[in-house]
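Worksheet: one structure, shown below.
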2 protein chains.
Amino acid sequence: MLDTYRSILAEIGKLSSAQSLLGWDQQTHMPTQGSAARADVLGKLARLEFELATSDELGRCIEDLERSSDLTDEEAASVRDIGRKYRRQKAIPPDVFEAFTVAQSKGQASWAAARANADFNRFRPNLVELVDFARQFADYYGYEDTPYDALLEPFEPGMTSRRLTEIIGPLKADLVPILKRLQIDGASPDISVLEGDFPIERQREMSRHVLELIGYDFESGALDDAPHPFTTEIAFGDVRITNRYEANDPVSGLFGALHEGGHALYGQGMTESQYRLGLSDGASFGIHESQSRLVENQIGHSRAFWQFFQPRAAQFLPQFAGADPEALYRAVNLVSPSMIRVEADEVTYNFHIMLRFELESALINGEIRVEDLPSLWNDAMTRTLGVTPDNDAEGVLQDVHWSMGAFGYFPSYMLGNLYAAQLMAVLRADRPDLDSEIAAGQFEPLVAWLRDKVHRFGGIYRAEDLMRRISGEGLNAQHFVAYIVGKYSDIYRL
Amino acid sequence: MLDTYRSILAEIGKLSSAQSLLGWDQQTHMPTQGSAARADVLGKLARLEFELATSDELGRCIEDLERSSDLTDEEAASVRDIGRKYRRQKAIPPDVFEAFTVAQSKGQASWAAARANADFNRFRPNLVELVDFARQFADYYGYEDTPYDALLEPFEPGMTSRRLTEIIGPLKADLVPILKRLQIDGASPDISVLEGDFPIERQREMSRHVLELIGYDFESGALDDAPHPFTTEIAFGDVRITNRYEANDPVSGLFGALHEGGHALYGQGMTESQYRLGLSDGASFGIHESQSRLVENQIGHSRAFWQFFQPRAAQFLPQFAGADPEALYRAVNLVSPSMIRVEADEVTYNFHIMLRFELESALINGEIRVEDLPSLWNDAMTRTLGVTPDNDAEGVLQDVHWSMGAFGYFPSYMLGNLYAAQLMAVLRADRPDLDSEIAAGQFEPLVAWLRDKVHRFGGIYRAEDLMRRISGEGLNAQHFVAYIVGKYSDIYRL
């Protein structure tokens, strides 16, 4: 039965790999006129994969293997995850799912138009429809406490609304006064050192260089341009990164590369066996995000990194030749509450997620209505960050997620930041000389630690189990608070 | 029945498109470590396509539609071609085909090793096996005259050994004395104008520029680097080119771009309906090659082109700034008998094909043995071109085709040259000012003519039918001879 199970997973993996490559190409090299045909091809492969992933034969394998006591840890984890996905996919009647994909497609088109016109009302009826689907899906999936929990499940298995609320309460209570102090009493960094015109081609080379430095393997990957940076695991041995660059910003491309590089190291650090068993997505979306945020923020935004990297950066961007590493370090860590999540700094970023979590969970749990979203959004932004969107495009319409019917995804971004800080606390205890190593451009010990503690396990352990193995405790947001207080008190000279 | 037929073709088309993209990626962006997984994914999609392409349901559709009198020309052509492919695929017992794919795979590995060591004997047993398969296949397919005819069929439907022999006899008789005269009495061009170091990046930009000039649509295509240039029709609206560049050769990349550009204009000039009906491969491989050779040679190697292009080239390669257009024109048309087909000039190129045709048809028809190939090859090279390979790597092992079991492919290269000259004769009659247009950089009339006469018909007409429609006669190699005599008498001042 295990052989049959493995061979069905292998076939699913091949179809999935083809879709990943087609999706990657769509964002990188595909000419505009190729998009209609591409959608058809992707649809075909998705249907074929769905047929296999919901086949009775796979169902029988899962039931049988769930009763088996002869499985390795990896095999048992595979059966656990594939079984969970199988039952979720089977839970939705095909005609309901079909109607949902139509609603998704309409939702994205409507959202794009609404955003371009900064007019939430255009998107409102589609969002109502998508929320209804999400609520229906939650009922089909089943849940213990709130419907929203059923939607969190695929992104953060085991996570619940209740637990998130317990985490967010004290976290917000801690971060609000910190942010206030920085804004009122802090010495804000001078960012003029980051101004100028920085050729895209040189930035691209710098990104390639920094990826080589952190051990990203170009024999098992590639770096390409795309409108939105992403990492994609096309197959074992083929984990690609995309990135984008701004001519008037020398570091957004660099941090994009470090962020995606963190994801990609995770993907490159898993075994072929994990790829074959469907365990190559990692422990959870939050853990995946912890790997990107650790490399991007905890390392890339550190003083030690800029001590090392300033002369390297100057090799690509001559403006950096005379720059003071300390000035660069402070400049890249400017805290500036803003309307847009993807532009947010480390201190304010989680507020954007808390807002989205509170709104989407209330939507799904039936506590607020879609029509109230814009004003609830704007009020919350004003209350927590002190900035008010001028229009819906820079408010409630800024993210694509809801237009795809993806509710429950946002919390992973925040969890990534929290996990990263918690991992970093253990890493610092394990390697007291980490800063000296980074300042000397020695990234191997860092990456070796991540591989040993996180990457090599792929999706074998669930997120909090993995954290307990590594740190001796479940998720603890206080590590993030301590990190923020320590780092920004110093930068802002409090 | 037509609806079912169209929908099966649509599904085949999607699987085929995915394979094209995966194949393109394999040659352009895929990291080396991704190759094992990629082979599995391609194998899976090929199997799925094969199942559809040999399904009983498609067979019933073909039989039914072959009796129908309600089909459009396009639909009838589709049924003719798809029916032909269907019967060929069904003719081979699955276990024989399976064994053949294994032999192909071993053959390619063995050929690569043999070529690297310039040792034919390493490849010999594999080639014996592949020739045996080809002879078996010919028997399964059936033929009227010789087994080789059955292998020509997929590349040049309707072409036969007999007809090729009839063409080659007089062609060789005409070309041999021309070549002799050029070598003995001709004033050989000075090629020092092409010497120097030419940055790859600027050559790439020049290729992009020349592709834009000839009307290649980058909204429906892309230009990427690959070890061997090729054009691939990924889908309607997505016809991509790859190219390569040599730092010490300013024109091989340029001519590569023009060659692939010619293929790609054909692919971009067909209709969506032809793509859907499986008619987007064009009239034949030879006709496809005529489009690339016409643009590469008849246009790209013309005096008018270099009158126009010399200052353009200088924008990319400063060495060309002071160059005399006439000197460039003569230099790119140097005639120099050499061992390697892909490096051959216009005058000697066809000799390489004649040699291959004579050997492979004799092999398949059982007139010679594999073990005699190296000496037969070397003797023929000495006799016709006056050059003798030092070893098998620059002789019988130079081409990949036989190692893939692809017999019957080579003649298309020669036919492309012949068709191109014949088309050009009509084009010159239709547009007496063509040279002035090219010299002024006006490529629209040329491309409009090709679209109108050739591209827009896709695979509706068979090769010689298409030629008759355009030129009033079937294939006539005398147009090529007249072209060569006229052009090279002038260049070599005879």
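The values are calculated or read from the model by the stated rules, or taken from the named source; none is laboratory data. Please read all numbers here as calculations on a predicted model, not as lab measurements. All Cβ positions, even for glycine, are placed from backbone atoms using ideal geometry, and neighbour counts span all protein chains on display.
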Given (1) under 20 Å from residue A:40 (Cβ atoms); (2) away from chain A (no Cβ under 14 Å); (3) touching a residue at least 12 places away in the same chain (Cβ under 8 Å), identify the lone condition not met by residue B:3. (3)
Name the residue that is farthest from the other protein chains (Cβ to nearest Cβ), counting only residues in segment B:27-46 that are in contact with a Gly (Cβ under 8 Å, 6 or more places away or on another chain) and surrounded by 16 or more Cβ atoms within 10 Å (Cβ to Cβ). B:42
Confirm whether residue A:212 is part of a helix (DSSP H, G or I), away from chain B (no Cβ under 13 Å) and free of Cβ contacts under 8 Å to residues at least 40 places away in the same chain. yes
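Quick check, is residue B:78 surrounded by 15 or more Cβ atoms within 10 Å (Cβ to Cβ) and within 17 Å of residue B:404 (Cβ to Cβ)?
Working: surrounded by 15 or more Cβ atoms within 10 Å (Cβ to Cβ): yes; within 17 Å of residue B:404 (Cβ to Cβ): no.
Against the criterion (surrounded by 15 or more Cβ atoms within 10 Å (Cβ to Cβ) and within 17 Å of residue B:404 (Cβ to Cβ)), residue B:78 does not qualify.
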Report yes if residue A:80 is out of contact with any helix residue (DSSP H, G or I) (no Cβ under 7 Å at 6 or more places or on another chain), closer than 17 Å to residue A:52 by Cα, outside the structural domain of residue A:402 (by TED's automatic domain parsing) and assigned to a helix (DSSP H, G or I), otherwise no. no
Take residue A:88 and decide whether it is over 30 Å from residue B:221 (Cα atoms), loosely packed, with under 14 Cβ neighbours inside 10 Å and not assigned by TED's automatic domain parsing to the domain that holds residue A:272. no
I need the full set of residues from segment A:195-209 which are more than 26 Å from the chain's Cα centre (by Cα), assigned to a helix (DSSP H, G or I) and in contact (Cβ under 8 Å) with a residue 24 or more places away in the chain, in order please. A:202
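Is there a residue being closer than 30 Å to residue B:493 by Cα and not hydrophobic (A, V, I, L, M, F, W, C) anywhere in segment B:228-243? Spell out the reasoning first.
Restricting attention to segment B:228-243, the residues satisfying the condition of being closer than 30 Å to residue B:493 by Cα are none.
Checked against the condition, which is being closer than 30 Å to residue B:493 by Cα and not hydrophobic (A, V, I, L, M, F, W, C), segment B:228-243 yields no hits at all.
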For segment A:70-86, indicate whether the set of residues that are aromatic (Phe, Trp, Tyr), closer than 26 Å to residue A:282 by Cβ, more than 14 Å from every other protein chain (Cβ to nearest Cβ) and touching a residue at least 40 places away in the same chain (Cβ under 8 Å) is non-empty. no
Taking segment A:467-485 and keeping residues part of a helix (DSSP H, G or I) and farther than 16 Å from residue A:283 by Cβ leaves A:478, A:479, A:480, A:481, A:482, A:483, A:484, A:485
Residue pairs meeting the criteria (Cβ under 6 Å; at least 6 apart or on separate chains; first touching a residue at least 40 places away in the same chain (Cβ under 8 Å), in segment B:421-441; second β-branched (Val, Ile, Thr) and assigned to a helix (DSSP H, G or I)): B:426/B:470
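Residue under question is residue A:109, and the condition is that it be under 26 Å from the mean Cα position of the chain (by Cα) and either hydrophobic (A, V, I, L, M, F, W, C) or modelled with pLDDT of 95 or more (or both); does it hold? Explain how you work it out, then say what you get.
Working: under 26 Å from the mean Cα position of the chain (by Cα): yes; either hydrophobic (A, V, I, L, M, F, W, C) or modelled with pLDDT of 95 or more (or both): yes.
Considered against the rule, which asks whether it is under 26 Å from the mean Cα position of the chain (by Cα) and either hydrophobic (A, V, I, L, M, F, W, C) or modelled with pLDDT of 95 or more (or both), residue A:109 comes out as yes.
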Among the residues of segment A:102-111, is any in contact with a Phe, Trp or Tyr (Cβ under 6 Å, 6 or more places away or on another chain) and not in a helix (DSSP H, G or I)? no
Among the listed residues B:292, B:252, identify the single one that is in contact with a strand residue (DSSP E or B) (Cβ under 6 Å, 6 or more places away or on another chain) and not assigned by TED's automatic domain parsing to the domain that holds residue B:26. B:252
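Could you check segment B:138-149 and list, in sequence order, the residues that are without any contact (Cβ under 8 Å) to a residue 60 or more places away in the chain and within 23 Å of the chain's Cα centre (by Cα)? Talk me through it step by step, then tell me what you get.
Let us first name the residues in segment B:138-149 that are without any contact (Cβ under 8 Å) to a residue 60 or more places away in the chain, namely B:139-145, B:149.
Within segment B:138-149, just B:149 meets the criteria.
Take residue B:220 and decide whether it is within 13 Å of another protein chain (Cβ to nearest Cβ), among the polar types (S, T, N, Q) and in contact (Cβ under 8 Å) with a residue 24 or more places away in the chain. Show your work before the answer.
Numbers: within 13 Å of another protein chain (Cβ to nearest Cβ): yes; among the polar types (S, T, N, Q): yes; in contact (Cβ under 8 Å) with a residue 24 or more places away in the chain: yes.
Spelling it out, residue B:220 is indeed within 13 Å of another protein chain (Cβ to nearest Cβ), among the polar types (S, T, N, Q) and in contact (Cβ under 8 Å) with a residue 24 or more places away in the chain.
In this structure, does residue A:201 turn out to be surrounded by fewer than 24 Cβ atoms within 10 Å (Cβ to Cβ), over 26 Å from residue A:334 (Cβ atoms) and within 14 Å of another protein chain (Cβ to nearest Cβ)?
On the way: surrounded by fewer than 24 Cβ atoms within 10 Å (Cβ to Cβ): yes; over 26 Å from residue A:334 (Cβ atoms): yes; within 14 Å of another protein chain (Cβ to nearest Cβ): yes.
Here the answer is yes, as residue A:201 does meet what is asked.
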Helices (runs of 4 or more DSSP H) (entirely within segment B:260-354) containing at least 3 residues that are in contact with a Pro (Cβ under 7 Å, 6 or more places away or on another chain): B:303-316
Here is a list of conditions, (1) at pLDDT 95 or above; (2) touching a helix residue (DSSP H, G or I) at 6+ places or on another chain (Cβ under 9 Å), and residue B:379 meets all of them except one; can you say which number that is? (2)
List pairs: first in segment A:6-21 and over 10 Å from residue A:45 (Cβ atoms) and more than 7 Å from chain B (Cβ to nearest Cβ), second part of a helix (DSSP H, G or I) and of a type in the set (D, E, K, R), Cβ under 6 Å, 6+ apart or cross-chain? A:12/A:49
Can you spot a residue in segment B:155-173 that is hydrophobic (A, V, I, L, M, F, W, C) and part of a loop (DSSP other than H, G, I, E, B)? yes
Among the residues of segment A:309-325, what is the count of those that are surrounded by fewer than 13 Cβ atoms within 10 Å (Cβ to Cβ) and either on the phi > 0 side of the Ramachandran plot or in contact (Cβ under 8 Å) with a residue 12 or more places away in the chain (or both)? 1
Which pairs have Cβ atoms under 8 Å, sit 6 or more apart or on different chains, and link a residue in segment A:386-415 that is buried (at least 21 other Cβ atoms within 10 Å of the Cβ) to one that is outside any helix (DSSP H, G or I) and hydroxyl-bearing (Ser, Thr, Tyr)? A:412/A:284; A:415/A:284
Any residue that is out of contact with any helix residue (DSSP H, G or I) (no Cβ under 9 Å at 6 or more places or on another chain), more than 18 Å from residue A:280 (Cβ to Cβ), part of a helix (DSSP H, G or I) and charged (D, E, K, R) - is there at least one of those in segment A:22-45? no
Can you spot a residue in segment A:270-293 that is surrounded by 22 or more Cβ atoms within 10 Å (Cβ to Cβ), charged (D, E, K, R), on the phi < 0 side of the Ramachandran plot and at pLDDT 95 or above? yes
What are the pairs with Cβ atoms under 8 angstrom where one residue, in segment B:356-375, is farther than 22 Å from residue B:341 by Cα and the other, located anywhere, is part of a loop (DSSP other than H, G, I, E, B)? Sequence gap at least six, or different chains. B:365/B:146
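Restricting attention to segment A:131-154, report how many residues are acidic (Asp, Glu) and assigned to a helix (DSSP H, G or I).
Taking segment A:131-154 and keeping what is acidic (Asp, Glu), we get A:132, A:139, A:144-145, A:149, A:153.
Subsequent filtering for residues that are assigned to a helix (DSSP H, G or I) retains A:132, A:139, A:149.
Count: 3.
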